[in-house]
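Nothing in this text is a laboratory measurement; each read-out follows from the coordinates by a stated rule. As the structure is a prediction and not an experimental result, all values here were calculated from the model. Cβ coordinates were reconstructed from backbone atoms using ideal geometry, including for glycine residues, and neighbour counts include every protein chain displayed.
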């Protein structure tokens, strides 16, 4: 069920996160590794790839949200490798921050709302590398954020298959 859901949201990810140029092209599923899915879109220097997962649990459960996922993206043309991002399924509150916790390690994300959607990214590449390393060691992670309505959300993600998906992401997008 989760695999099907992740496949259905792939085009949404391209439109929301990966950029307008790729929104017109449907992403291709490259591989699935337990709870993580690797996609690619574009050709040549415009090729973009990402590993994607959806939450195992979303809290509060009774809040209406759009699709929710966590991604790691590679953009060879921009020399971007293993860039984490969050799609929370809502617009973030003004000046809101998002946070990812893997074990006892916590990582802050800045947020941005555009086109009715919210997204979150890390400021520094060094922090991205630390988060990815923590994700490789961990078994689960929790993503928290606050919506424009003031609702604090907490999403639980599995890291099962993450290391294999990250390896595939590196080879799929060269």
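The listed peptides 102-113, 68-79, 32-43, ordered by packing as a protection proxy, come out as 32-43, 68-79, 102-113 (highest mean of other Cβ atoms within 10 Å first).
What angle do you read, to the nearest 10 degrees and between 0 and 90, between the alpha-carbon axis of helix 125-137 and the longest principal axis of the chain? The answer is roughly 90 degrees. Kindly list the residues of segment 99-117 that lie in the label zone of residue 126, defined by a backbone N under 16 Å from the point 7 Å along the Cα-to-C-beta vector. Zone members listed by number: 107-108. Only helical runs count toward this figure. For the chain, summing -39,500 (n - 2.57) over DSSP H runs of n ≥ 4 and dividing by all residues gives -6500 deg cm²/dmol at 222 nm. Taking all Cα pairs closer than 8 Å and separated by 6 or more residues, the relative contact order of segment 2-172 comes to 22 percent. For the chain, the longest principal axis of the alpha carbon atoms and the long axis of helix 2-13 meet at an angle near 80°.
Note on segment 93-148: along the principal axes its Cα atoms extend 34, 20, 16 Å, ordered by decreasing extent. Against the longest principal axis of the chain, how steep is helix 162-172, in degrees 0 to 90 to the nearest 10, with axes from Cα atoms? The two axes meet at around 40 degrees. Relative contact order of segment 62-120: 29 percent, from C-alpha pairs under 8 Å at least 6 residues apart in sequence.
Treating r as the C-beta distance of residue 45 and residue 149 and R0 as 41 Å, the FRET efficiency rounds to 0.50.
One equal scatterer on each Cα of the chain, no solvent, Debye formula: the resulting log10 I(q)/I(0) at q = 0.10, 0.18, 0.20 Å⁻¹ is -0.33, -1.19, -1.50.
Summarise the long-distance tail of P(r) for segment 113-174 by giving the % of C-alpha pairs beyond 16 Å. Cα-Cα pairs in segment 113-174 separated by more than 16 Å: 62 percent.
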